[in-house]
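The values are calculated or read from the model by the stated rules, or taken from the named source; none is laboratory data. All of these numbers come straight from a predicted model, not from anything done at the bench. Heads up, the Cβs are rebuilt from the backbone with ideal geometry, glycines too, and the neighbour counts pull from every protein chain shown.
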There are 2 protein chains.
Amino acid sequence: MTAISPLAPERFPDMPVIDGIRLASHACGVRYAGRTDLLMVEMVPGTAAAGVFTRSLTASAPVEWCRDAVAKGRARALVVNSGNANAFTGSVGVASVKRTVEGTAKLIGCKGSEIYIASTGTIGVRLPDEKITAALGDARAKLKADAWHEAAQAIMTTDTYPKGATRTAIIDGTTVLINGIAKGAGMIAPDMATMLSYVFTDAALPAGVLQDLLSKGVDKSFNAITVDSDTSTSDTLMLFATGKAGNTVIKDAKDKRLADFKAKLFDLLLDLALQVVRDGEGATKFVTIHVSGAAGRKAARKIGMSIANSPLVKTAIAGEDANWGRVVMAVGKSGEKASRDRLSIRMGGVLVADKGEMAQGYDEAPVTAHFKGKDIVIEVDVGVGKGKATVYTCDLTHAYIDINGSYRT
Amino acid sequence: MTAISPLAPERFPDMPVIDGIRLASHACGVRYAGRTDLLMVEMVPGTAAAGVFTRSLTASAPVEWCRDAVAKGRARALVVNSGNANAFTGSVGVASVKRTVEGTAKLIGCKGSEIYIASTGTIGVRLPDEKITAALGDARAKLKADAWHEAAQAIMTTDTYPKGATRTAIIDGTTVLINGIAKGAGMIAPDMATMLSYVFTDAALPAGVLQDLLSKGVDKSFNAITVDSDTSTSDTLMLFATGKAGNTVIKDAKDKRLADFKAKLFDLLLDLALQVVRDGEGATKFVTIHVSGAAGRKAARKIGMSIANSPLVKTAIAGEDANWGRVVMAVGKSGEKASRDRLSIRMGGVLVADKGEMAQGYDEAPVTAHFKGKDIVIEVDVGVGKGKATVYTCDLTHAYIDINGSYRT
């Protein structure tokens with residue numbers, strides 16, 4: 001097994017019980033031996049659902065299923081396996097999803113459209129869904145309310161630690177809880193949502209409101225991270241609300257009474273997204289890139305991603321080399337408007353480059369010291385407008401190559 | 001020093017004298033010790049010039065100079081230094097170019113607009129142009145007609161071998177010669193031209209015709225390669241024609257009498273471009289990606305580049321793992337139209353995936369054997385149209401990280 005990422009949080013958070021949610025993890029042997037690889041979550045009747053999914057044109061069969069199902073906005077169960085992505089498996093893959101949905105719906109006694117399926121792992125290998133359907137009854141028998149840590153563990157693939165986050169929020173005077181789990185370490189360059197992440201709340205909110213909040217919340221969290229520029233065929237982020245908190249039901253995502261819930265939800269999404277970056281395959285440095293002065297928000301994001309995905313920037317960071325010339329190069333290749341002669345760069349808070357050249361009296365020593373740390377901050381102002389964005393990534397190391405040169409073997 | 005790339009050609013080609021061209025290499029100590037770092041090429045009066053340059057928005061001062069100068073279409077000299085890119089050096093960098101141009105023009109006795117300058121190496125460091133201008137006289141004293149090998153060596157940075165190619169062509173019954181040299185190993189993802197490459201011919205052709213041929217020729221050569229997706233601030237490709245061959249002067253690039261010259265020129269450009277890929281930093285495998293069935297030629301190129309630049313595809317190839325699932329992923333993330341259910345993939349000529357799933361009776365053994373070789377061929381048909389493109393790249397290995405984690409130190 002790979003060692004735990006040096007950027008991992010100190011510990012998995014204490015996550016409270018969410019009324020209406022029960023979870024179970026199970027070892028059904030899809031691919032891995034000696035570990036759990038199946039997560040089942042059962043939700044009370046009346047649970048509302050929202051989701052955002054990969055924009056990949058080769059999206060997996062489970063993603064297509066969920067995209068259709070979530071249009072109805074209801075949820076009773078979630079079944080996730082790790083070790084096999086059931087992606088690019090053709091009609092066989094679609095049939096696998098159908099059998100798992102039917103088996104789960106029958107067991108629980110609900111409609112198929114209330115069942116969500118996800119698979120994560122190797123692409124292009126037939127999913128032995130019979131192992132999953134055979135295990136559904138045993139898994140259901142193990143359901144309990146306080147199994148968040150185990151749930152996060154069951155969906156791991158190349159992850160080196162389970163990822164979870166929790167927040168409380170107030171909706172119109174009522175306290176509600178939000179718990180989320182996520183998995184992901186490589187093939188991380190979400191273009192709307194990434195990898196697998198599931199968020200649960202006891203708040204009472206209609207599916208449409210959940211969807212609005214989730215679509216907006218993903219923008220500054222999962223859509224602002226990249227490990228390796230590769231977008232998964234299985235990226236899924238879902239939000240489920242059981243309604244058990246008994247808060248006032250609010251029907252408009254823009255209602256001010258939702259401000260606190262929205263802030264806490266966004267904060268939780270960012271927390272989970274950053275945990276994914278901190279588990280970036282082979283990562284030894286966590287990198288925050290603030291872009292300002294761009295033509296617009298989208299342009300700023302694109303410039304940030306161009307820097308974050310540059311192998312030359314990422315390897316320089318791995319080598320603890322404050323090579324700001326490569327940041328200039330990455331700005332230039334982004335294709336977005338930038339003023340070469342007004343561009344400025346700060347690293348670790350130190351002004352490195354200003355007005356198109358090295359800053360007057362630039363002393364590299366404090367920047368080199370900053371690069372020896374684990375948290376690297378790069379600020380770039382491209383000098384043409386007011387667009388801003390923040391993007392998060394990690395460095396590119398030998399371990400990334402080791403992990404990915406032999407993933408299937 | 002780094003060992004020579006395992007993908008290097010067996011030897012540097014024998015390159016003939018081109019009437020009207022003399023070359024000199026010189027050690028002027030810009031950055032490197034114990035090697036040449038200055039190339040001077042002098043061309044006879046009447047030499048026509050054409051060029052294509054980086055589309056980077058942070059292009060270097062020398063690139064901006066050459067872009068302006070080439071509009072006049074005349075050339076008398078080329079001065080290139082390695083070790084320092086004179087990029088992102090502000091007004092100081094512009095002044096460096098000006099002094100080098102003026103010094104060279106005075107020495108040779110020509111207009112400044114007939115002098116082309118290039119600098120390659122570290123970005124953001126002031127170019128000690130006084131070392132170059134002080135060496136111009138000594139360099140000129142060394143000019144000779146048969147110094148192609150030395151010329152190619154003088155412009156190397158992280159290159160592990162000098163790159164050259166030669167062809168002969170017939171224009172309306174007259175034999176003409178074409179010689180080209182190139183440098184480049186990293187920061188290679190040209191968006192029109194890459195790194196530095198200079199091509200010389202004794203053909204008599206107007207600058208407009210040269211420009212048309214070069215702009216077209218770059219498309220299937222330098223624009224079809226990528227090492228690491230990073231586009232340089234200094235990418236330059238120029239073509240110079242001395243006219244000494246005395247052929248019929250042809251004024252239209254589409255004239256059929258130029259067919260052979262065009263074919264040989266394009267072949268030489270591809271040869272040089274592939275030598276750059278074969279010297280890709282840390283490369284151990286040369287990879288050819290043929291995309292067909294795309295919506296158009298541009299779409300095919302974009303899909304090919306998405307595969308070629310995917311760190312997951314590149315590391316799988318480095319690990320000799322025929323992981324076609326990652327090819328599917330890269331097609332999906334390209335954003336171009338593709339049919340997941342009609343997609344087919346061949347690796348080493350073997351049908352691996354067909355109609356959206358693993359091919360019937362697929363035997364991985366011959367594909368695994370193919371991946372143990374040095375030349376990897378991947379064919380992808382995305383099943384939506386007739387667009388085709390071929391893209392060339394290399395694998396991503398530990399050595400890339402070693403080279404780029406410590407380039408400046």
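Suppose we keep only residues that are within 14 Å of chain B (Cβ to nearest Cβ) and small (G, A, S) within segment A:20-70. Which one would you say is nearest to A:R140 (Cα to Cα)?
By that ranking, first place goes to A:A61.
If you take just the helices (runs of 4 or more DSSP H) that sit entirely in segment A:217-324, which of them hold at least 1 residues that are away from chain B (no Cβ under 14 Å)?
In segment A:217-324, the matching helices (runs of 4 or more DSSP H) lie at A:259-278, A:297-308.
With respect to the numbered conditions (1) crowded, with 19+ Cβ neighbours inside 10 Å; (2) acidic (D, E); (3) outside the structural domain of B:A49 (by TED's automatic domain parsing); (4) in contact with a strand residue (DSSP E or B) (Cβ under 6 Å, 6 or more places away or on another chain), which one is the sole condition not fulfilled by B:D354?
Unmet for B:D354, out of (1) crowded, with 19+ Cβ neighbours inside 10 Å; (2) acidic (D, E); (3) outside the structural domain of B:A49 (by TED's automatic domain parsing); (4) in contact with a strand residue (DSSP E or B) (Cβ under 6 Å, 6 or more places away or on another chain): (1).
Assuming A:V391 fulfils every condition listed in (1) crowded, with 21+ Cβ neighbours inside 10 Å; (2) without any contact (Cβ under 8 Å) to a residue 40 or more places away in the chain; (3) more than 28 Å from B:G319 (Cβ to Cβ) apart from one, which condition is it?
Only one criterion is unmet by A:V391, namely (2).
Given B:G73, B:G137, B:G109, which one is without any contact (Cβ under 8 Å) to a residue 24 or more places away in the chain and either away from chain A (no Cβ under 12 Å) or touching a Leu at 6+ places or on another chain (Cβ under 9 Å) (or both)?
Step by step, each of B:G73, B:G137, B:G109 is checked, and only B:G109 is without any contact (Cβ under 8 Å) to a residue 24 or more places away in the chain and either away from chain A (no Cβ under 12 Å) or touching a Leu at 6+ places or on another chain (Cβ under 9 Å) (or both).
Output yes when any residue across segment A:144-156 is surrounded by 24 or more Cβ atoms within 10 Å (Cβ to Cβ) and more than 30 Å from A:L177 (Cβ to Cβ), and no when none is.
no
Restricting attention to segment A:342-366, which residues are at the interface with another protein chain (Cβ under 8 Å from one of its Cβ atoms), in a loop (DSSP other than H, G, I, E, B) and without any contact (Cβ under 8 Å) to a residue 24 or more places away in the chain?
Across segment A:342-366, the qualifying residues are A:K355, A:G356.
Considering only residues that are of a type in the set (K, R), in contact with a helix residue (DSSP H, G or I) (Cβ under 9 Å, 6 or more places away or on another chain) and in a helix (DSSP H, G or I), which ones fall in segment A:51-105?
A:K72, A:K98, A:R99
Being closer than 18 Å to B:T133 by Cβ and not polar (S, T, N, Q) narrows it down to one of B:R35, B:R31, B:R67, B:R74, so name that one.
None of the other options fit; the residue is B:R31.
Anything in segment A:269-283 that is more than 21 Å from A:I403 (Cα to Cα) and either at pLDDT 95 or above or surrounded by fewer than 24 Cβ atoms within 10 Å (Cβ to Cβ) (or both)? List them, or say none.
A:L270, A:D271
If you go through segment A:101-117 one residue at a time, do you hit one that is within 19 Å of the chain's Cα centre (by Cα) and surrounded by 17 or more Cβ atoms within 10 Å (Cβ to Cβ)?
Yes - at least one qualifying residue is present in segment A:101-117.
Looking only at segment B:30-45, filter to residues that are surrounded by fewer than 16 Cβ atoms within 10 Å (Cβ to Cβ) and in a loop (DSSP other than H, G, I, E, B); which one of those is modelled with the highest pLDDT?
Among residues in segment B:30-45 that are surrounded by fewer than 16 Cβ atoms within 10 Å (Cβ to Cβ) and in a loop (DSSP other than H, G, I, E, B), the one modelled with the highest pLDDT is B:R35.
Hey, B:V199 hits all of (1) in contact with a helix residue (DSSP H, G or I) (Cβ under 6 Å, 6 or more places away or on another chain); (2) within 21 Å of B:A48 (Cβ to Cβ) but one; which does it fall short on?
Result: B:V199 fails condition (1) only.
Among the residues of segment B:233-269, what is the count of those that are hydroxyl-bearing (S, T, Y) and either within 12 Å of B:V218 (Cα to Cα) or not assigned by TED's automatic domain parsing to the domain that holds B:A49 (or both)?
Qualifying residue count for the region: 1.
Let's see how each residue does on (1) more than 15 Å from B:W324 (Cβ to Cβ); (2) of a type in the set (A, V, I, L, M, F, W, C):
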{"residue": "A:G83", "(1), (2)": "yes, no"}
{"residue": "A:T89", "(1), (2)": "no, no"}
{"residue": "A:V94", "(1), (2)": "yes, yes"}
{"residue": "A:V101", "(1), (2)": "yes, yes"}
{"residue": "A:T120", "(1), (2)": "yes, no"}
{"residue": "A:R126", "(1), (2)": "no, no"}
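If you check A:V384 against the conditions, is it touching a residue at least 60 places away in the same chain (Cβ under 8 Å), more than 7 Å from chain B (Cβ to nearest Cβ), buried (at least 17 other Cβ atoms within 10 Å of the Cβ) and assigned to a strand (DSSP E or B)?
For A:V384, the condition - touching a residue at least 60 places away in the same chain (Cβ under 8 Å), more than 7 Å from chain B (Cβ to nearest Cβ), buried (at least 17 other Cβ atoms within 10 Å of the Cβ) and assigned to a strand (DSSP E or B) - is not met.
List pairs: first residue in segment A:89-100 and without any contact (Cβ under 8 Å) to a residue 12 or more places away in the chain, second residue assigned to a loop (DSSP other than H, G, I, E, B) anywhere in the structure, Cβ distance under 7 angstrom, at least six positions apart or on different chains.
These pairs meet every condition: A:G90/B:D341; A:G90/B:K355; A:G90/B:G356.
Find the residue count for segment A:2-29, including only residues that are in a loop (DSSP other than H, G, I, E, B) and under 26 Å from A:V249 (Cβ atoms).
Residues in segment A:2-29 being in a loop (DSSP other than H, G, I, E, B) and under 26 Å from A:V249 (Cβ atoms): 6 in total.
Quick check on segment B:284-307. Is at least one of its residues crowded, with 24+ Cβ neighbours inside 10 Å, out of contact with any Gly (no Cβ under 7 Å at 6 or more places or on another chain) and polar (S, T, N, Q)?
Yes: one or more hits.
Looking only at strands (runs of 3 or more DSSP E) that lie completely in segment A:141-211, which have at least 2 residues being over 23 Å from A:P45 (Cβ atoms) and modelled with pLDDT of 90 or more?
A:163-171
For segment A:1-29, which residues satisfy the criterion of being modelled with pLDDT under 95, surrounded by 18 or more Cβ atoms within 10 Å (Cβ to Cβ) and hydroxyl-bearing (S, T, Y)?
Result: A:S5, single match.
Confirm whether A:A338 is outside the structural domain of A:T160 (by TED's automatic domain parsing), touching an Asp or Glu at 6+ places or on another chain (Cβ under 7 Å) and in a loop (DSSP other than H, G, I, E, B).
So A:A338 fails the test.
Being at negative phi and either surrounded by fewer than 24 Cβ atoms within 10 Å (Cβ to Cβ) or among the β-branched types (V, I, T) (or both) is the filter here; which residues of segment A:78-100 pass it?
Hits for segment A:78-100 are A:V79, A:V80, A:T89, A:S91, A:V92, A:V94, A:A95, A:V97, A:K98, A:R99, A:T100.
Do we have any residue at all in segment A:320-331 that's surrounded by fewer than 18 Cβ atoms within 10 Å (Cβ to Cβ), touching a residue at least 24 places away in the same chain (Cβ under 8 Å) and out of contact with any Asp or Glu (no Cβ under 9 Å at 6 or more places or on another chain)?
No, because not a single residue in segment A:320-331 is surrounded by fewer than 18 Cβ atoms within 10 Å (Cβ to Cβ), touching a residue at least 24 places away in the same chain (Cβ under 8 Å) and out of contact with any Asp or Glu (no Cβ under 9 Å at 6 or more places or on another chain).
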